[in-house]
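Encoded as structure tokens, the structure appears first; notes follow it.
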Amino acid sequence: MNLTLHAMQRSANCYKVRLALAHLGIPFVLKDVDILRGDTRTPEFLAMNPRGRVPVLQLGNGTILIESNAILMYLGEDTRFVPEDKVERARMMAWLFFEQNSHHPSIGEARFWLSLIPGGRELKRDLVDDWMEQGEGALARMEAQLVASPFIAGENFTLADIALYANTHLAHEADLNLALFPAVRDWVGRVAALPGHVDMNWRPELVVA
């Protein structure tokens, strides 16, 4: 495919794309982007994504794709990670929307400010209680589903599991305790044990500084 992924190593949104690429065995070049250093505010980066956010996936023909779950859908089309059945596909999509609308704005934002940004806890102290309440609510919704099925959209591992795993397995970095959600905790272990899984520290062979 001749892909270049512009991404930050510790970003969950970027990790989910690397995880999908690893599961699919698709080679790519990684271009490191440090949002804390201002790399996403340069004219060159803003020309690719005016929103100034990672990840950005650059195709061999120069086409630019943004938004992590849209990138997942591009990569996952016509693979085992996207159900062929229309109802099952809609259920997977519902969890992808949940991840961006409910899960990431609470757990992802809390993890970013509490663990990645120096002094972030003090800067965002007025939001911490809301993040905890909303994050626990998001995990409770996942818990209810994962009591009933081994994976988040049903019996099979899909893009929705990849999307939700990224921040969920690091919920402790958002001051959330997965011990309170045993089905979610077991699912995290199940996902990590799948063939092709890589952790957040994994990097491909081709990296551009």
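Annotations
- Subset tally (residues that are touching a Gly at 6+ places or on another chain (Cβ under 7 Å) and over 16 Å from Ser68 (Cα atoms)) for the range 154-174: 1
- Annotation: of all residues in the range 164-188 being free of Cβ contacts under 8 Å to residues at least 60 places away in the same chain and assigned to a loop (DSSP other than H, G, I, E, B), the one that is nearest to the chain's Cα centre (by Cα) is His169.
- Helices (runs of 4 or more DSSP H) completely within the range 22-115 that count 3 or more residues being under 23 Å from Val191 (Cβ atoms) and of a type in the set (Phe, Trp, Tyr): 86-98
- Residue within the range 35-44 that is within 15 Å of the chain's Cα centre (by Cα) and of a type in the set (S, T, N, Q) present: no
Any read-out appearing in this document is the output of simple, stated calculations on the displayed coordinates, not a laboratory observation. Keep in mind that this is a model prediction, so the values were computed, not measured. Note that we place each Cβ from the backbone using ideal geometry, even for glycine, and neighbour counts take in every protein chain shown.
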